[in-house]
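Undergrad: Got a structure here, written out as structure tokens. Questions coming.
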Amino acid sequence: MVVDAPTPSEAGDFETQDLLINVGPQHPSTHGVFRMVLEIDGEVVKDLVPYIGYLHRGAEKLCENFDFRQGIGYMDRTEYLAAHNAELSYVMAVEALAEIEVPERAQWIRMILCELNRISSHFMFLGAFGVDVGVFGTPFIYAWREREAVIDLFEEISGDRMMYAYFRPGGLAWEVPVNFEERVREVLASSRQGVKDFDGLLTENEIFIARTKNVGVISAEDAIEIGMSGPSLRASGVPLDLRKTEPYMYYDQLEFEPITAEGGDVFDRYLVRLKEISQSIDLIEQCLERLEAGPIMAEKMPRMLRLPEGEAYMRTEAPRGEYGIYMVSKGGNKPHRVKVRSACLSNLQALKQMSVGQYVADAIIILGSIDIVLSEVDR
Amino acid sequence: MTTDDGGNDAVEEAPEPPDTFEDTIWPDVNRTLTAVDVRPERSVLDLIVHIPKADVVRGLGMLKNDEALQFNYLRSLTAVDNEADGVDVVYHLYSVPNKFNLTVKTTLPNDDKVLDTATPVWQAANWLERETAEMFGVTFTGHPDPRPLLMPEDVDMSDTHPLLKSHPYAEIDILQGELLGHDRDADEGD
Amino acid sequence: MSTEIFGIEDVNVWVDGLIRVLLIVGFMTVVVMGLIYGERKILARFQQRLGPTRTGPIGLLQSVADALKLVGKEDLRPRNADPWTFELAPYLVFIPVFLGFVIVPFVLDWQIRILELGLLYFVAVSGVNIVGWIMAGWGSDNRYAMIGGMRAAAQGISYELPLVLSLLAVAMVVEVPAPVIDGAASVASDSEYVRGSLNLNEIVAAQHEVPNLVWQPLVMIVFIIAALAELNRTPFDIPVGESEVVGGPFVEYSGIRWSMFFLAEYAALLIMALVFAAVFLGGWAWPFGIWMDDAPPRWAQALAVAAKAGAFIFLVFWIRASVPRLRIDQLMSFSWKVLLPLMLVQVLVNGLVLVYDWPLIILTVVGLAGVVALAAIVDRAVRHPRPRPAVAAQLQGEAAS
């Protein structure tokens, strides 16, 4: 076993040198264009230096040059795996500044779509994570099947499979298809089966447990200190879920408890996400019960939004954690400043602390367990 | 310096209603920030507290360590370019045990964009400050790792601060191309 | 010198050798192509996909198309690679696998050579390709390749031991009828046997009534595990771990050299499956229950061998589709701390059976107990995961400060 090898002093004058290996930006397990340089001694990671910015497109700067509605499209592109959730923060920030009342039906539909997006995003995580721990493709295809069902539904609703731009300040772009509820229930049934499949495939697998338990542990205090959020934080035992702690839309009317775990290791981060899929399914069913006919757009919306002066930091619980929009308006039809608070960026800061002292193979699955989307990290 | 900042703020926020902020966490914040020159402001969602730049990190430390407040979570750290009025550095704080939100703002004049680092208070500030530094040209003194975060490391970007209002939109590609040593005419040839 | 092949007398020994080599190469290439196609189809089915369907009828020509593509690709060598090491490595991986085919008993009296020390030869030859792996890893001048090569060496050497011990455990107690195979028609009665043989044909023949898997359940399981590790197959595909070292030693290879590694991998799988069929499932002899006298037709024997080897290969694919990869330290400690002690105990028991001439049923009991012990050890290791090593905690403390 590599860790118990004699330290250089014991080994006499035999001089050893640590090996630097560069992982990414082109690497199958960096989930995009993330790059990290590992300093390894045998198989043990002694140091890790992350490099980001390969996907920096200046979304914040671009938003300053477009009016409030045009900015929605850029939010989709920052968080392409959960675009509805990203739009939601942006749209709600605009609504908060302009003091727009959003009709009830639009709110419920937004909640349903955001939770569906959480399901699809978490399935994406499960699939990619399965590949990271080394199952050849099977979890990936299982995940893809479930995600496909959700995305087909989104396509029927918004006309696009990834960049929906369906939420607008004041409500929704247009009414959902007539068979919306029925289709959502179909998707939920399929997702429920998908959760069972994953549970059977990975959760109880001895090798999976051996690989993930006690790996990449981070304590609750450290996780808060680093500013982690979302499932990665809840896996360390902090019940910080913005849907519960600062309810927005109608989450205060729904019955649910934030899902947490104790260990703060890779397995817990996996398990929290798996359970959150079931939770989202449950939440959507509660939303569907409360969904009633009505308008989907606030009345008297101007053709060109002009916002009063002011600023708002609007945060929502996206699948990867707190997705915040800090919007400053100085009057006029364009924002003065839009800052995207990226959950992934903050979560990624913990990578070094989790990975040092672990094996190379662990560093890979720890990175996978944080579930980063590089376009959200770099924006 | 401090008085200058205070003056700027006063000009910026001229119409000040007689507001006691009793319904917010302001009393607690005011009590905590003893010997710090603070000024509250309402925003749509959270309470904003203006702290002069010389005191900001000390004030943040007090807010974090106070028993009643415990702002132990740094949500976001960024800056806003107000052109002639300098650059505002904005901290969004959250208290996990108490579920309080607070926005802390400090104004830096354009000719002296230097601020102490908040990394001793929250590790979370590390990357956020690196990003703010490269995007706005703010120097965080005492930062443990002052490399650029998103901008390329191998090119000198010390004069390029994309999120400043003075930074152009259209010429970005030209600028980058020249910095990276590309011959723009040759690129257009193909 | 002359010899006999296909019933033709007086064939020059070199011509004979050439014919045999060509036969192996042709047979192996065709079967490997089939295996690749089969793996893709089987994995696809596990993953609710269709697999190849477009090239030829139901995609049957896909492997041929792939092979043509690989042959046509440019053979690249990194500038800083060590030319000799880099270019020779594929041969060192490839040739030992071919050599292994020499002893495989396909049907009763049809194999390349009957060697008295067949099993020993197989073990010796199959260990050589580790050198090729290290050469590929070192010669590529790529750090991923080097890590992969080192992992391959560590893993190959560690699992060689349980593999050899499992074959030894079988070989030492196998009941070979007294007149050996050259004695042709003289049928052995059950009372006249000797124990112990390294001749694969004799081992197969000895199982004409009961295959070894009944006598040696633990040994069989250990053999399967060690074989998976030797083949670098999931869950032991650590040297090539796609998500970590992106293909390990092969990362810099392309075109025909890469396809040689690929061919060797599947050929090794095939030969391991054939040896497994011969040693544990009774090869061509079981379940026909007879040998020598009125032997079943050769096609039936070949079919039995193919079915048994196919079952092993299917198991390998099945495992690949279902389980994650182990970590290198878990892999090593599993071999040295679990498999090796268990096998040593088993060999000891086998030795007692051999010396005191006890009935073989004792082995079944001991083997089943061993299987239970193995399951219990794995289960315990999983339920009570090891805390983080002290060195790791210390390193992390340094990084944090």
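Just so you know, all these numbers are worked out from the coordinates, no wet-lab data involved. Remember, predicted model here, so these are calculated numbers, not experimental data. Here the Cβ positions follow ideal geometry from the backbone for every residue, glycine too, while neighbour counts run over all protein chains shown.
Undergrad: Given Cα positions, please report Rg to Rh for the protein assembly as shown, the hydrodynamic radius being the Kirkwood one.
TA: 1.06
Undergrad: Hey, another quick one. Within 10 Å of each Cβ in B:75-82, how many Cβ atoms from other chains are there, averaged over the peptide?
TA: 6
Undergrad: Which peptide among C:69-82, A:138-151, C:240-253 comes first, and what is the full order, when sorted by highest mean count of other Cβ atoms within 10 Å?
TA: C:240-253, A:138-151, C:69-82
Undergrad: Other chains' Cβ within 10 Å of B:43-50 residues: what's the mean?
TA: Mean inter-chain Cβ contacts per residue within 10 Å come to 5.
Undergrad: Across peptide A:88-100, what mean number of C-beta atoms from other chains lies inside 10 Å of a residue's C-beta?
TA: Taking all residues of A:88-100 together, the mean is 1.
Undergrad: Mind sorting B:Asp55, A:Asp67, B:Asp159, B:Asp112 by how few other Cβ atoms lie within 10 Å of their own Cβ, fewest first?
TA: B:Asp159, B:Asp112, A:Asp67, B:Asp55
Undergrad: Normalised by the number of residues in region A:59-378, what is the relative contact order in percent for Cα pairs under 8 Å and 6+ residues apart?
TA: Rounded, it is 27 percent for region A:59-378.
Undergrad: Amide H neighbours of A:Arg35 under 5 Å, counting only residues 5+ apart in sequence or on other chains, H built in-plane at 1.01 Å?
TA: Under 5 Å from the amide H of A:Arg35: A:Tyr51.
Undergrad: In whole angstrom, how long is each semi-axis of the equivalent ellipsoid of region C:9-164, when you take the square root of 5 times every eigenvalue of its Cα gyration tensor and sort them from largest down?
TA: Here the semi-axes work out to 28, 26, 19 Å.
Undergrad: Suppose every Lys and Arg Cβ carries +1 and every Asp and Glu Cβ carries -1, with no other charges. What dipole size does chain A come out with about its Cα centre, to the nearest 20 debye?
TA: I would put it at about 1380 debye.
Undergrad: Once the Cα atoms of helix A:104-133 and of chain A are each reduced to a long axis, what angle between those two axes, in degrees from 0 to 90 to the nearest 10, is obtained?
TA: 20
Undergrad: Below 30 Å, Cα to Cα, which lysines can A:Lys46 reach? Residues fewer than 8 away in the same chain don't count.
TA: A:Lys213, A:Lys352, C:Lys337
Undergrad: With only Lys, Arg, Asp and Glu charged, each at its Cβ (+1 for the first two, -1 for the last two), find how big the charge dipole of the protein assembly as shown is about the Cα centre; round to the nearest 20 debye.
TA: It works out to roughly 2360 debye.
Undergrad: For region C:120-182, what's the relative contact order in percent, using C-alpha pairs closer than 8 Å and at least 6 residues apart?
TA: 26
Undergrad: Leaving out same-chain residues fewer than 8 places away, which lysines sit with a Cα under 18 Å from that of A:Lys334?
TA: The reachable lysines, counting only those whose Cα sits under 18 Å from A:Lys334, are A:Lys61, B:Lys165.
Undergrad: Quick one: 3J(HN,Hα) in Hz for region A:151-167, Karplus 6.51/-1.76/1.60 with θ = phi - 60°, rounded, Gly and Pro as x.
TA: 6, 4, 5, 4, 5, 4, 7, 9, x, 9, 8, 10, 9, 6, 6, 9, 7
Undergrad: May I ask for the angle, rounded to the nearest 10°, between helix A:83-98 and the longest principal axis of chain A, with both axes built from Cα atoms and the value confined to 0 to 90°?
TA: The angle comes out near 50 degrees.
Undergrad: Where in chain C are the helices, taken as whole DSSP H runs, whose Cα atoms extend 18 angstrom or more along the long axis and whose Kyte-Doolittle mean reaches at least 0.0?
TA: Result, helices passing both filters: C:13-46, C:83-100, C:143-173, C:217-230, C:255-279, C:298-322, C:340-356, C:361-383.
Undergrad: Still on this structure: Which pairs break 21 Å Cα to Cα here: C:Lys69/C:Lys308; A:Lys244/A:Lys300; A:Lys196/A:Lys275?
TA: C:Lys69/C:Lys308; A:Lys244/A:Lys300
Undergrad: Which log10 I(q)/I(0) values does chain A give at q = 0.07, 0.08, 0.11, 0.15 Å⁻¹ under the Debye formula, counting every alpha carbon as one identical point scatterer?
TA: -0.32, -0.42, -0.76, -1.34
Undergrad: May I ask you to derive the relative contact order of region C:73-400, considering only C-alpha pairs under 8 Å and at least 6 residues apart, and to give it as an integer percent?
TA: This gives 23 percent for region C:73-400.
Undergrad: Once you order the gyration tensor axes a ≥ b ≥ c over the Cα atoms, which shape class does chain C get: rounded for a/c under 1.5, otherwise prolate or oblate by comparing a/b with b/c?
TA: Oblate shape, in that a/c is at least 1.5 and b/c is the bigger or equal ratio.
Undergrad: May I pose another question? Straight-line reach only, C-alpha to C-alpha below 16 angstrom: list the lysines that B:Lys64 could link to, leaving out same-chain residues fewer than 8 apart.
TA: Counting by Cα, and skipping residues close in sequence, B:Lys64 has these lysines nearby: B:Lys99, B:Lys105.
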